[in-house]
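The structure under discussion appears below in the form of C-alpha cells.
The values are calculated or read from the model by the stated rules, or taken from the named source; none is laboratory data. Being a predicted model, the structure only gives us computed values, none of them experimental. FYI the Cβ positions are ideal-geometry reconstructions off the backbone, even for glycines, and counts take in every protein chain you see.
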C-alpha cells in the first residue's frame, strides 16, 4: 500500500487503512535503517504523527519543517520517495535529512538543532508579505527545545504578527535523556494531562510569548492526532498554536524502546573492521588525568556517551556537566570555570563547534583561558552529509589568536596530546575523527609545536616533502610515499601534528624543493593554506591536497575523501606528472 | 572624594556621602566620555546600582559580571582606576569594557550580549567544585535579555545546583528600544510593581527555571538598592535570585535621558573630518531598490539605526524586522524568507556575524539561498577594542561554499554592489567599514567576480602588482604605489573587489613577478592567504600585508592598522628592500 501512496491519496483512506500504512512505514524504516544505518528510534516514534499531518494538511502547499530532521523518514515515504528509500544515506541516494533539492515536500533543510521555529516564522512571514495562504508547521523534539534559538524565535512571534503551528514532540530524549528546567516543565505539563486537569498556570510560559498552548496528547495515537490537528488547522487562521505531544522513542520495536539512546542513530552493519573510537581514548585518558588533577572537569552538550564521557560523568559527577543542546552556553561555562582556575574540557562534534564560534573567539581565546576543546567527528563524517561534515574546523579556528590546534596522527598520539593538555595553560583545540583505524609505528615523544618526521632516512635527499595532519590524511601520505618509493622517488613524510603553531624550525630545515600538504579539511584557510603563506615569498613550490569549494554530500568517508581530492593516488599522480614534466 | 576611593572604604560611608560619590562619578563619566567617546547613557543609568553593589558586596572576593560590559565605568572608578580613567578607550589606556588583565575586580571579560548568566554560572560552579565561598552577581540589560544564551543558561541553573544573583537592569533599550515578548513581560512585571501588587502568576517564568524573583525596584534609588541587595545577600546562601530593577538610561543628563539611543555610545569629538558612513549608503540604496522590487526585505538584530536602516524600516514596515539581539534567529529568518522567494538583507556588524556562524554555513549557504549579508564595521573598528574588531570575517567566510564575498573600494562601489545584489540569486556577503573616507577616481562598472586595475598604464611593465581589497587597504596600496612611482618603481594597483571568487583571469594575466596583497583582516585564512594558495605551485612570489596572530586592542583604527602591519610605509619598505637586495 505504502509503495505507491502519495500525500493526496492518503486523505481518502480510512483510519484502519492509515494504521496499516503506519505499520508498513515502520517496517520499511526498520529494515532499511538496519541495512543502511541511520536514525532509527527518532523515526519510529513519529510515524503516526507524520501520517496524521499528511492526512490533515495539504503538503506541499502547506509547509512542514522538521527540527534537526532526523525524524523525517515517514514524511519521505509519504511524499513520493518510497522507491528510492533503499538508497537513504548512501552516496547519490536520498538524504537522511530534509532536502529542498530532493522534493518539493521538503521546504527547508535542517540538520542542527533548534532552527525549526525560526525557519517556520520566516516562511510564515514571507507568506504574509507575499499575500499567500498556507499553513506552516514545525515539529521540534524536547531535546532541541533546550536550544537558545527557540527562545529567540518565541520572543519574536508577536512582533512578526504571524501564525504557525509548533508541535513539541516530547520523548524525553535529546540523544541522551533531555536535561534542564524546560524539560522538567514539559514533564509537569504532561503530569497535568495525565491527571486530566489542565492547570492554566502551568501553560502560561508559552502563552506569554503569544502561543496558544494545547496538550498533552499521545502522539502515537493516530486517531487522536487526526482529531487534534484538524481542530488546530482551523485555529491557525487566527492564532499560533503549540501542540504538545508525547511519543515513545523507538515505538513498535522493543529493542529500540528499551535503548532509545543507543538506537537514536545506528551505523550500517559492516564487514568486521577493527577500529578503536577516539572517543574511547578521550574517556579513559581524561578519567585517568582527573584522578591526579582535581581541577579537571568536563562539559558536553547532550552527547556525553557518543563523546566517550559516560564513564567520566559517572566517576566524577560533581565535575561533569551536560547542559543539553546548548553549545554556546557550554562554551562560556568552560571559559568561566577556567577563569576561576579549573581545567575544563569541552567535548563536542566538530560540526557543532560552529554553533559557539563567537564564544570560542571572545570568551575562550580573547581571554586566553585554558579550555581544551575536544573536536570529535572532524573531517568527513560520512552518511549524515552536508550538514554534519567536520571539514571546516581547521579553517575557522586557525586564525584565532591564542589558540593552539593539535591534530593527532593516531589514538596513541591523541592520548599524548591529552596528557600534554593537562598542564597546558592556554586555549587548546584537538581535532580528531570518529574511528581510529591505524596505529603508526613511529611514536616520537610529543613536544609542543614540534612535528615528527616519519622517515628520517630520506630527509636529506628527498625532492618532495609531504606534510599531513591527522590520521586519515597521513594514511594517504604514507601510502603515496610508499608507492613513490617503489618508483624510486623519495618523499619525506612529516606528521604535522600541530596546525597552530606551525613548526617553523622544521619548515625552515626542509631540503625538499617541493612541498605537498594533505588534510581532511577545506583548502581555503586550512592547514595547507598556512603552509602556502609560510612559503609564499620563497622559492619553494607547494601543492595542496584538501577539499575544494563545495559542500560535501553523504557517502562513505574514505570514498568521499578520494572523490573530493584527498587520496594517495592524487598525490602519486601529481608527483609522477611533475617528475615526467 | 572619588579620586582615592576604593571598594572597601566605601563601606564606612554614609548614604549622603555615597550619594555625593555617585554624583561625582556621574560627572566624571560624562566629562570623560564627551572627550574620549564611549558608552554614555548606559553608564549614567547604572551609577547608583553599582555604588550599592560595591557597598553591599565584597569585591574582588565576590564576583561581578557586567553583560556586554558597556555599563562598567562606575565599577572601574570604584576599583582603583580613577587616575587612569582619562585614558579610557585610548591606545594603551583603560578599556571601555571589563578586562581581567586590568584589575582583579574584573573577573570575566565581556563585549558581546547575553554571556553574563552563563559566565556567572560557570564561576559559581567552579566555586562549588573548589569548595570556596563567595557571591556571584551578573548584571544584564533588558536588551541582552532577549538573547538565546540567557535561556540556555536559565535552563541549566537547576542542574548545576548553584546559586547566583542576576540583576536585570531594565531600561527599555537594547541600543534601539527593546523589542519582543520578553520585554513586554518585563513591562508587565513593572506595571505590577507600580500598582503595588505582586502578581504571583506573572513571576512564574523565572521561578520555573529555579530563580526566586524579586522586583521591580528603582535602580537609581541608592538607599533602596542598598536595602534590597543587603537582604538578597543573605538569601544567596540558599537560593538563586533575580533582582529586577528599572533604571533611567542616561540618568542625570537631560540630553541623554531624552536621546538614549543616540547617546548609547558616542564618538569622541574630532577635528572636522569629512566622511560618509557606509550605513547611509545602505539605507538609501536599499530603500531605492525596494521601491522597484517588492521582494526586498531587511532584518536587523537591535541596531537598525546604526546600520543605516531607520528610513527603510519607516518606509517599509511590513518588510522590515528587528528581532532584538538575536543574531542566530535573524539569520535563519532571512534564510527561510529567501526559501519562500523573498530577497532578504541581513545587516549586522562584522563582529556579531560570529554569533550566527553555524547558521550562515548551514541555513544560508548549504541551501544556497539568496540572502545578502551586509557586514558593517568590518576591519579594525577602533576604540571598543579586542571584542569588537571586525578583522576575522574574510577568514571565517572565505571557506564557505556557495558564498560570494564582495568588498567595495568606496561608497560608490558599495552602491554598485547593492545594485548587483538585487538580482543576484545566491548567498552574498558585502563587508565594509564604518566610514567612507575617500572616493577613488577610477570607477569601472561592476562585473561579477571581476577586479579592477586602477593604473592600467603600468600594467605591462610593472615588476610589482599590489592586490588590495576594501577602501582602507586600497588607500594604503595607492599611497605606496605613488611613493614608489616617485622612486621610479612601477607598481600595478588592483582593486580586488571580490574576495570570493577570485578573479582568476586577471591573476593569470599578471605580468608582475612579485605580488603584494593588502587587507584589513587577519592573515590566516584571509584574502592574502587565498592568493598565496593560488600561486603556491607557481614561480610568483607573494608578500602579504594583513594582521598577524594577535587580538587587536583599542586605539585609533588608522594607527592600529599601521601598528599591526598594514600600511603604505610597510609596503614601500618591503619593495625598496627587495629592489636593493
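Please verify whether region B:41-61 includes one or more residues that are closer than 22 Å to residue B:265 by Cβ, part of a strand (DSSP E or B) and touching a residue at least 60 places away in the same chain (Cβ under 8 Å).
We begin by selecting, within region B:41-61, every residue closer than 22 Å to residue B:265 by Cβ; these are B:41-50.
Then drop every residue that is not part of a strand (DSSP E or B), which leaves none.
No.
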Under the condition of being away from every other protein chain (no Cβ under 14 Å), in contact with a strand residue (DSSP E or B) (Cβ under 6 Å, 6 or more places away or on another chain) and part of a helix (DSSP H, G or I), which residue from region A:203-260 is farthest from residue A:59 (Cα to Cα)?
A:224
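Is there a residue in region B:424-435 that is farther than 17 Å from residue B:518 by Cα and assigned to a helix (DSSP H, G or I)?
No - not one qualifying residue is present in region B:424-435.
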So residue B:159 ticks every box in (1) assigned to a helix (DSSP H, G or I); (2) touching a residue at least 12 places away in the same chain (Cβ under 8 Å); (3) under 15 Å from residue A:329 (Cα atoms) but one. Which box is left unticked?
(2)
Against the conditions (1) free of Cβ contacts under 8 Å to residues at least 60 places away in the same chain; (2) part of a helix (DSSP H, G or I); (3) within 19 Å of residue A:454 (Cα to Cα), where does residue A:484 fall short? Just the number, please.
(1)
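Looking at the structure I just gave you, is residue B:172 surrounded by fewer than 19 Cβ atoms within 10 Å (Cβ to Cβ), away from chain A (no Cβ under 14 Å) and at positive phi?
Numbers: surrounded by fewer than 19 Cβ atoms within 10 Å (Cβ to Cβ): yes; away from chain A (no Cβ under 14 Å): yes; at positive phi: yes.
Against the criterion (surrounded by fewer than 19 Cβ atoms within 10 Å (Cβ to Cβ), away from chain A (no Cβ under 14 Å) and at positive phi), residue B:172 qualifies.
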Taking the condition within 14 Å of chain A (Cβ to nearest Cβ), on the phi > 0 side of the Ramachandran plot and surrounded by 24 or more Cβ atoms within 10 Å (Cβ to Cβ), does residue B:122 pass?
no
Going through region B:263-283 in order, the residues found to be in contact with a strand residue (DSSP E or B) (Cβ under 8 Å, 6 or more places away or on another chain) and modelled with pLDDT of 90 or more are B:276, B:277, B:278, B:279, B:281, B:282
Kindly indicate the residue of region B:299-334 that is farther than 18 Å from residue B:177 by Cα, in a helix (DSSP H, G or I) and in contact with a strand residue (DSSP E or B) (Cβ under 8 Å, 6 or more places away or on another chain) and also nearest to the other protein chains (Cβ to nearest Cβ) among those meeting that condition.
B:333
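When region B:457-479 is examined, which residues are found to be part of a helix (DSSP H, G or I) and touching a helix residue (DSSP H, G or I) at 6+ places or on another chain (Cβ under 9 Å)? Talk me through it step by step, then tell me what you get.
Start the filter on region B:457-479 by keeping residues that are part of a helix (DSSP H, G or I), which leaves B:457-458, B:471-479.
Passing the criteria: B:458, B:471, B:472, B:473, B:475, B:476, B:477, B:478, B:479.
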Based on this model, can you work out whether residue B:183 counts as more than 30 Å from the chain's Cα centre (by Cα), in a helix (DSSP H, G or I), modelled with pLDDT under 95 and at the interface with chain A (Cβ under 10 Å from one of its Cβ atoms)?
no
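Hey, any hits in region A:245-262 for a residue that's closer than 30 Å to residue A:334 by Cα, surrounded by fewer than 21 Cβ atoms within 10 Å (Cβ to Cβ) and at pLDDT below 90?
Let us first name the residues in region A:245-262 that are closer than 30 Å to residue A:334 by Cα, namely A:260-262.
Still in the list and also surrounded by fewer than 21 Cβ atoms within 10 Å (Cβ to Cβ): A:261-262.
Filter once more, so that each one left must be at pLDDT below 90: A:261-262.
Within region A:245-262, one or more residues are closer than 30 Å to residue A:334 by Cα, surrounded by fewer than 21 Cβ atoms within 10 Å (Cβ to Cβ) and at pLDDT below 90.
Please specify each residue of region A:445-456 satisfying the condition of being part of a loop (DSSP other than H, G, I, E, B) and touching a residue at least 12 places away in the same chain (Cβ under 8 Å). So that I can check it myself, show each step before the final result.
Step one: list which residues in region A:445-456 are part of a loop (DSSP other than H, G, I, E, B), which gives A:445-451, A:454-455.
Answer for region A:445-456, where residues must be part of a loop (DSSP other than H, G, I, E, B) and touching a residue at least 12 places away in the same chain (Cβ under 8 Å): A:445, A:446, A:448, A:449, A:450, A:451, A:454, A:455.
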Being more than 22 Å from residue B:49 (Cβ to Cβ), touching a helix residue (DSSP H, G or I) at 6+ places or on another chain (Cβ under 7 Å) and more than 7 Å from chain A (Cβ to nearest Cβ) is the filter here; which residues of region B:147-166 pass it?
B:162
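When region B:531-568 is examined, which residues are found to be on the phi > 0 side of the Ramachandran plot and touching a strand residue (DSSP E or B) at 6+ places or on another chain (Cβ under 7 Å)?
As a first pass, look at region B:531-568 and keep what is on the phi > 0 side of the Ramachandran plot: B:555, B:565.
Passing the criteria: only B:565.
Please state which one of B:507, B:576, B:530, B:560 is outside any loop (DSSP other than H, G, I, E, B), in contact (Cβ under 8 Å) with a residue 60 or more places away in the chain, more than 12 Å from every other protein chain (Cβ to nearest Cβ) and more than 25 Å from residue B:97 (Cβ to Cβ). Give the steps one after another, and end with the answer.
Working: B:507 fails: in contact (Cβ under 8 Å) with a residue 60 or more places away in the chain; B:530 fails: more than 12 Å from every other protein chain (Cβ to nearest Cβ); B:560 fails: more than 25 Å from residue B:97 (Cβ to Cβ).
Just a single option satisfies the conditions, and that option is B:576.
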Among the residues that make up region A:284-291, is at least one of them under 25 Å from residue A:147 (Cα atoms), at pLDDT 95 or above, in a helix (DSSP H, G or I) and more than 14 Å from chain B (Cβ to nearest Cβ)?
no
For region A:539-555, what are the residues that are more than 7 Å from chain B (Cβ to nearest Cβ), buried (at least 18 other Cβ atoms within 10 Å of the Cβ) and under 13 Å from residue B:530 (Cα atoms)?
none
Note on residue B:149: of the conditions (1) over 22 Å from the mean Cα position of the chain (by Cα); (2) over 24 Å from residue B:29 (Cβ atoms); (3) in contact (Cβ under 8 Å) with a residue 12 or more places away in the chain, unmet is (1)
Within region A:335-352, identify whether any single residue is at pLDDT 95 or above, on the phi > 0 side of the Ramachandran plot and facing chain B (nearest Cβ under 8 Å), and answer yes or no.
yes
If I filter region B:44-65 down to residues being within 18 Å of residue B:217 (Cα to Cα) and within 23 Å of the chain's Cα centre (by Cα), which single residue comes out as surrounded by the fewest Cβ atoms within 10 Å (Cβ to Cβ)?
B:45
Residues being part of a loop (DSSP other than H, G, I, E, B), in contact with a helix residue (DSSP H, G or I) (Cβ under 7 Å, 6 or more places away or on another chain) and buried (at least 24 other Cβ atoms within 10 Å of the Cβ): count how many of those fall in region A:393-409.
5
In region B:353-364, how many are within 8 Å of chain A (Cβ to nearest Cβ) and in contact (Cβ under 8 Å) with a residue 12 or more places away in the chain?
7
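Can you confirm whether region B:535-547 contains a residue that is touching a residue at least 40 places away in the same chain (Cβ under 8 Å) and within 30 Å of residue A:546 (Cα to Cα)? Walk me through it before giving the result.
Initially, region B:535-547 is screened for residues touching a residue at least 40 places away in the same chain (Cβ under 8 Å), giving B:545, B:547.
The next check asks that each one be within 30 Å of residue A:546 (Cα to Cα); those that pass are B:545, B:547.
Yes: region B:535-547 contains one or more residues that are touching a residue at least 40 places away in the same chain (Cβ under 8 Å) and within 30 Å of residue A:546 (Cα to Cα).
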Take the residues in region A:77-102 that are in contact with a strand residue (DSSP E or B) (Cβ under 7 Å, 6 or more places away or on another chain) and either without any contact (Cβ under 8 Å) to a residue 40 or more places away in the chain or surrounded by fewer than 18 Cβ atoms within 10 Å (Cβ to Cβ) (or both); name whichever of them is farthest from residue B:364 (Cα to Cα).
A:80
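Out of A:68, A:15, which single residue is buried (at least 16 other Cβ atoms within 10 Å of the Cβ) and either modelled with pLDDT of 95 or more or within 20 Å of the chain's Cα centre (by Cα) (or both)?
Working: A:15 fails: buried (at least 16 other Cβ atoms within 10 Å of the Cβ).
Step by step, each of A:68, A:15 is checked, and only A:68 is buried (at least 16 other Cβ atoms within 10 Å of the Cβ) and either modelled with pLDDT of 95 or more or within 20 Å of the chain's Cα centre (by Cα) (or both).
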If we scan region A:366-374, do we find a residue that is at the interface with chain B (Cβ under 7 Å from one of its Cβ atoms) and touching a residue at least 24 places away in the same chain (Cβ under 8 Å)?
yes
